[in-house]
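Taking it in order: structure first as structure tokens, then the write-up.
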Amino acid sequence: MRVAVMGAGAVGCYYGGMLARDGNPVTLVGRPQHVEAVHRDGLYLDTQSFQAHVPMGANTEPVGVDGARLVLFCVKSTDTETAARQIAPYLGKDTILLSLQNGVDNAERLQAALQHEVIPAVVYVATEMAGPGHVKHHGRGDLVIGATASSDEVAALFKAAGVPITISDNVAGELWVKLVVNCAYNAISAISRLPYGTMVAGESVAAVMDDVVIECLAVAAAAGVRVPGDVRASVPNIARAMPAQYSSTAQDLMRGKPTEIDHLNGYIVRKGESLGIATPVNRVLHSLVKLLESKAPS
């Protein structure tokens, strides 16, 4: 299947690289320095189980999605509508879009902007760009996707490439599970500039994270979302599974880039306000990250 990755950062490059390694023609749409490295050497996939240079296409312009049957949509949540407009002229009538983004409303926003089939996906992978054209994989790599007409086809593609994937009939609830995890970890990792394992050992940090989770679940319940599993019990497991991982919000701040905090803790604050649910801990974390975001990196 011909695949394009719109917004080829760490997540998009990891999954695009896995699909390309399985023989699918993949084109990455990303930043010039990254594109140049991929043209020269291929994408270097540095995973926990193998290291390989994977040849694939790369383009700095949205035209790179032209002809793709599947588009992995991986831009920051803040750029969803802008990127949708950029790729719209190059989408075929049967193009499938898979939203591999943080937050709970990106697939809905993308669908509204493009009037194309959009499959929401929950991403569980610890990965980072270690340099131009170099993806460093720290752990996991599984996906949960929504049930649509094309989900079986997409799931088969990823399974063949060695990516664990599940189709869920409650993907909204699964997206909220990931949102709750991100709200618990991302801001604190960013504020402290610490990886998860070190971060959670800090004084009262575990209690603060639990307060965040309680607020998020109260908002979800008020919104009528069925959040599966025992999220309060499972959140601490993330630090044990990925102790060396810095949150994406921390990585953005350390590189002087805008974060997605408005679509994480900030989303909980706004949703809570609209539903009459108090979210003071999420509000504090959101405010502190916004303050740091306005400063130049040290």
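Table for the structure above
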| item | result |
| --- | --- |
| Residues within the range 32-62 that are open to solvent by 60 Å² or more (accessible area, probe 1.4 Å) and touching a Ser or Thr at 6+ places or on another chain (Cβ under 7 Å), tallied | 1 |
| When residues of the range 171-197 are limited to those that are assigned to a helix (DSSP H, G or I) and farther than 21 Å from G103 by Cα, the one most open to solvent (accessible area, probe 1.4 Å) | S192 |
| Matching strands (runs of 3 or more DSSP E) fully within the range 115-169 where at least 1 residues are of a type in the set (V, I, T) and open to solvent by 50 Å² or more (accessible area, probe 1.4 Å) | 165-168 |
| Residue in the range 73-94 that is among the aromatic types (F, W, Y), open to solvent by 60 Å² or more (accessible area, probe 1.4 Å) and more than 22 Å from the chain's Cα centre (by Cα) present | yes |
| For L19: the one exception among (1) over 24 Å from S247 (Cβ atoms); (2) out of contact with any Ser or Thr (no Cβ under 9 Å at 6 or more places or on another chain); (3) open to solvent by 30 Å² or more (accessible area, probe 1.4 Å) | (3) |
| Residue that is of a type in the set (S, T, N, Q) and over 21 Å from Y196 (Cα atoms), where the choices are S234, S248, S287, S274 | S274 |
| Filter result (under 20 Å from V177 (Cα atoms) and either modelled with pLDDT under 95 or part of a helix (DSSP H, G or I) (or both)) within the range 198-213 | V205, A206, A207, V208, M209, D210, D211, V212, V213 |
| Every residue from the range 152-188 that is among the small types (G, A, S), more than 28 Å from P243 (Cβ to Cβ) and in contact (Cβ under 8 Å) with a residue 24 or more places away in the chain | A160, A172 |
| Test result for G139, modelled with pLDDT under 95, of a type outside the set (A, V, I, L, M, F, W, C) and in contact with a Ser or Thr (Cβ under 7 Å, 6 or more places away or on another chain) | no |
| Failed condition for D211, given (1) within 19 Å of the chain's Cα centre (by Cα); (2) in contact (Cβ under 8 Å) with a residue 40 or more places away in the chain | (1) |
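The rows are residues; the columns are (1) surrounded by fewer than 17 Cβ atoms within 10 Å (Cβ to Cβ); (2) hydroxyl-bearing (S, T, Y); (3) part of a helix (DSSP H, G or I).
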{"residue": "L253", "(1), (2), (3)": "no, no, yes"}
{"residue": "Y267", "(1), (2), (3)": "no, yes, yes"}
{"residue": "R270", "(1), (2), (3)": "yes, no, yes"}
{"residue": "A278", "(1), (2), (3)": "yes, no, no"}
{"residue": "R283", "(1), (2), (3)": "no, no, yes"}
{"residue": "L288", "(1), (2), (3)": "yes, no, yes"}
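The values are calculated or read from the model by the stated rules, or taken from the named source; none is laboratory data. Predicted, not measured: the structure shown is a model, and the values here were computed from it. Cβ atoms come from the backbone with ideal geometry, glycine included; neighbour counts cover every protein chain shown. These area figures cover heavy atoms from the full protein model, side chains too; ligands, DNA and RNA do not enter into them. Shrake-Rupley method; radii C 1.70, N 1.55, O 1.52, S 1.80 Å.
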